[in-house]
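Reviewing the structure listed below.
The values are calculated or read from the model by the stated rules, or taken from the named source; none is laboratory data. Keep in mind the model is a prediction, meaning the values are calculated, not measured. Neighbour counts are summed over all protein chains in view; Cβ atoms, including those assigned to glycine, are modelled from backbone coordinates with ideal geometry. Keep in mind that these areas ignore ligands, DNA and RNA; they rest on the heavy atoms of the full protein, side chains included. Shrake-Rupley method; radii C 1.70, N 1.55, O 1.52, S 1.80 Å.
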Amino acid sequence: MGQYLYSLSPLSLCSFATVGFLLLLSSWGLALNPRARTNQSFFVMCLPLVVWILGIGFMLSSRDPWMAERWYRFSHLGVVCISPGVFFFTSTITRQFERNRIAILLAYVFALLFGLEGAVGEATVLGVRHYDWGFYPQYGPFGLLFLAFFFLFMAASFWNLFRRMKTVESGMERRQLRAMIIAFSIAYLGSWDFLPAFGIRVVPVGFFAIFGYTSLLFWSVYRDQLLNPSPESLAKEVLSTIADSIIVLDADGFVRMVNPKAAELLGYPEEGLLHKNVFKIIDPGYVEVARGLVRNLRSSRRAVETDVLSLLDKEGKPIPTSCNLSAIRDWKGKAIGFVLACRDLQEIMRSREIIQEQQGRIRDAQERYSALFNRSLFAVYLYDFNGNFLDANQAALDLLGYTRQDLPSLTFTTVLSEDQMPAALANVAQIVRTGRQDGLARWRLRRKDGTYVWGETEASLIYRGGKPYAIQGILRDITEQLQAEEDLKRHNEELRELDKMKDSFLSSVSHELRTPLTSIRSFSEILLRYDQEDTATQKEFLGIINAESERLTRLINDVLDLSRIEAGGMVWNDELLEFDLVIHGIVPAHQRALDAKSIRLGLDLPSGLPPVLADPDRMRQVVTNLLINAIKFSHEGGEIRILAEAVEGGRSGDPCTWVKVSVTDQGIGIDEKDFETIFDKFRQVTTDTMKAKPQGTGLGLHICKDIILHYGGKIWVESEKGKGSTFCFTLPVATATALPAHEDPPSVEQPEPSRTIRAKDRSHP
């Protein structure tokens with residue numbers, strides 16, 4: 001091979017370097033353990049790669065086309081065995097060798113046929129082409145058939161790996177298989193080198209893919225220790241991890257091997273015990289016992305002899321041990337060596353003392369826990385991960401009203417409502433996941449008698465034998481606390497509402513005081529400066545001043561009356577009253593307001609109404625307030641109707657025990673939601689159709705309610721929005737005996753009135 005025939009190029013140099021790298025890795029793997037099938041299959045897989053790339057390197061270095069063709073036909077013997085070698089390796093690594101044995105054999109048979117044809121025939125390799133970078137083979141008609149064979153078994157290799165990935169449970173093996181899949185994906189890039197064989201002008205750099213593929217594959221296999229260690233190295237590793245002292249003896253009783261624990265027990269370095277006669281390290285008083293163990297093993301087929309021996313450490317101090325002596329036998333069964341396994345009894349005795357001490361501590365802790373569990377003022381309980389109660393202290397049982405006999409039947413569904421179950425199960429899952437409950441939780445708990453209590457809980461996971469066992473919860477009864485919180489919240493709402501009402505009241509009072517005072521002052525100043533003797537105008541102004549004075553007086557009286565009623569200082573001058581006379585007495589004072597809005601007033605006041613015992617001024621005040629409200633909220637040209645009647649009460653033998661008065665208007669009406677609140681202090685009805693807030697302080701109806709309730713009556717409203725309202729009240733009639741002021745007023749049908757009286761209507765004669 002002179003320089004005339006060969007010339008090195010960068011491509012050929014890279015090829016030779018890759019060959020050396022492959023030989024190094026495959027030989028290293030085989031040398032680690034030649035008997036391991038994994039190592040053997042790795043070497044078999046790498047060998048055709050070496051032949052292929054070696055032939056390619058010489059072909060690229062050749063200057064003569066005939067020589068280049070000869071080298072590729074040699075290289076082709078390696079190419080055809082690549083895919084069978086990969087299939088053999090993946091079948092071994094995925095533990096499917098026995099299953100794929102026939103397929104592997106067939107792959108190599110077909111590879112041999114393709115190899116022989118490529119070496120001597122013309123169907124696969126026609127010759128070589130000359131490219132800028134050197135000679136390269138030209139594939140014939142069998143080239144595509146060969147590639148189909150090649151990629152078929154490469155795909156089968158991938159299938160081996162993917163199928164194993166689906167069934168493997170070991171995380172380490174899954175990582176190894178993932179790395180192999182990546183490595184074989186890189187190896188596929190080496191098929192780039194087939195393209196120039198079909199006339200495609202690309203530089204054959206597949207050795208880069210092969211370099212990366214074998215590097216990653218070897219790293220994965222070696223790292224995960226699938227290049228199996230030798231039995232000798234395994235034995236040494238196992239001996240070093242055994243907690244007992246192991247001494248291996250030959251047939252004459254000399255030490256051949258010890259593990260670190262034996263050297264540590266006797267105080268020698270490992271080398272210091274080698275080749276020492278075992279009877280030199282046995283207490284003289286136990287030498288005969290040891291000889292007896294050896295004789296028994298020599299004369300019988302027993303596997304192990306056991307007894308207590310006292311060994312001597314380096315300083316001559318006796319160490320009591322419990323020993324097992326076993327024989328190493330040849331193929332005839334003759335004892336050719338012995339294995340002495342010793343356990344330090346001092347450590348066992350110390351361990352027993354430690355165990356007893358720990359058990360004592362555990363008992364003390366259990367007693368303290370039991371005392372805390374049973375005597376705790378808080379409810380403490382245990383439940384499993386399905387919500388079944390396992391235990392509970394007396395405080396928990398008392399809180400829920402159960403006895404200890406009820407414990408086996410207690411579950412989440414017993415003490416929690418259905419809507420709380422999802423949250424409870426989610427809480428259990430969170431505790432199992434994190435070890436404790438995240439913050440405090442509140443639950444509405446059902447007691448045995450069906451009543452409910454509120455509890456605030458904290459829970460954590462408890463363990464038994466190092467494993468999660470149950471969940472322990474501590475519960476505090478917060479029913480009274482929540483009730484106090486609700487009361488406080490309600491009182492706060494009431495205070496806020498009162499504050500709003502106060503602001504509204506002050507605003508209303510200031511407006512209501514300012515308006516009449518402004519009118520009185522304005523018209524008084526006009527009269528003081530008015531020099532003309534126009535009696536009609538003066539009379540009109542004086543009338544306005546008088547009306548505004550009355551309005552101001554009513555306002556002040558309302559405020560004073562409310563104050564006196566709430567303070568209990570109201571003076572009640574009760575006397576027998578006939579309500580038709582009371583109503584007739586107040587109508588003339590409001591005729592002007594009726595005429596101003598052209599409102600008709602109808603009075604249905606039958607004669608012979610039973611009298612009531614009440615303060616006449618307060619009764620006039622009630623009817624006046626209701627009439628003023630009816631006028632205020634009535635439309636122009638509307639009608640107001642006042643009805644007084646006797647109605648049946650709840651007392652037997654007394655058919656007419658109540659007087660009912662109704663004031664009906666055809667005004668704006670009231671929403672049903674306001675039927676109760678309209679009688680509250682400072683409350684006034686407003687609607688979307690009203691352009692401004694009604695005049696007044698909002699005290700009138702509240703004062704009416706207080707007066708009526710004082711006499712044991714009832715006041716209410718019946719209304720439909722947009723169609724008018726009817727304000728009604730009932731009062732008990734006066735009897736010879738004192739009528740109880742707190743008898744519930746009835747709800748009865750109104751009787752037909754006995755007669756009707758019409759008030760004067762100036763606008764509708």
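With the Cα gyration tensor of region 1-90 giving a ≥ b ≥ c as the square roots of its eigenvalues, does the rule (a/c under 1.5 for rounded; else a/b larger than b/c for prolate; else oblate) give rounded, prolate or oblate? Present the calculation step by step, with values, prior to reporting the outcome.
On the way: a/c = 3.48, a/b = 2.04, b/c = 1.71.
Cα axes put region 1-90 in the prolate bin.
If each residue of separation counts as 0.36 nm, what is the full-extension length gain between Ser598 and Glu636 once their alpha-carbon separation is subtracted? Before the final figure, lay out the partial values.
Details: separation 38, 0.36 × 38 = 13.68 nm, distance 0.60 nm.
Stretched fully, the Ser598-Glu636 segment lengthens by 13.1 nm.
For Asp406, put the label point 7 Å out on the Cα→Cβ axis and report which residues of region 442-469 keep their amide N under 20 Å from it.
443-457
What is the calculated FRET efficiency for Ile328 to Trp219, with r their C-beta to C-beta distance and R₀ = 30 Å, to the nearest 0.05?
0.20
Thr411 accessible area, nearest 10 Å², 1.4 Å probe?
Spelled out: Thr411, probe radius 1.4 Å, area about 30 Å².
For Ile478, what charge total do you get from the other residues with a beta carbon under 13 Å from its beta carbon, if Lys and Arg give +1 and Asp and Glu give -1?
Net local charge, Ile478 excluded: -3.
Using the structure shown, select from Lys280/Lys317; Lys660/Lys721; Lys660/Lys714 the pairs with a Cα to Cα distance greater than 18 angstrom.
Lys660/Lys721
Determine the gain in length on full extension of the stretch Glu480-Tyr188; use 0.36 nm per residue of separation and subtract their C-alpha separation, reporting nm with one decimal. Kindly include the intermediate steps, with their values, before the conclusion.
Working: separation 292, 0.36 × 292 = 105.12 nm, distance 7.62 nm.
That pair, Glu480 and Tyr188, stretches by 97.5 nm at full extension.
Residues in region 436-476 near a label at Ser417, defined as backbone nitrogen under 12 Å from the 7 Å Cα→Cβ point?
Only 443-446, 452-454 pass the distance filter.
Heavy atoms only, 1.4 Å probe, whole protein assembly: order Tyr402, Tyr469 by accessible area, highest first.
Greatest to least solvent exposure: Tyr469, Tyr402.
Taking the simple approach of a point 7 Å from Cα along Cα-to-Cβ for both Glu497 and Leu105, what is their distance in nm?
In this crude label model, Glu497 to Leu105 measures out at 9.7 nm.
Identify the trypsin sites (Lys or Arg not before Pro) of region 16-89 meeting these criteria: DSSP loop state and at most 15 other C-beta atoms within 10 Å of the C-beta.
Arg35, Arg63
Work out how much length Glu264 to Ile200 would gain on full extension: take 0.36 nm times their residue separation and subtract the Cα-Cα distance, in nm to one decimal. Please report the intermediate quantities before stating the final value.
Values: separation 64, 0.36 × 64 = 23.04 nm, distance 7.09 nm.
Net length gain for the segment: 16.0 nm.
Test of understanding: extend the Cα→C-beta vector of Gln430 to 7 Å, then name every residue of region 454-491 with backbone N under 14 Å from that spot.
The answer is 457-461, whose backbone nitrogens lie closer than 14 Å to the label point.
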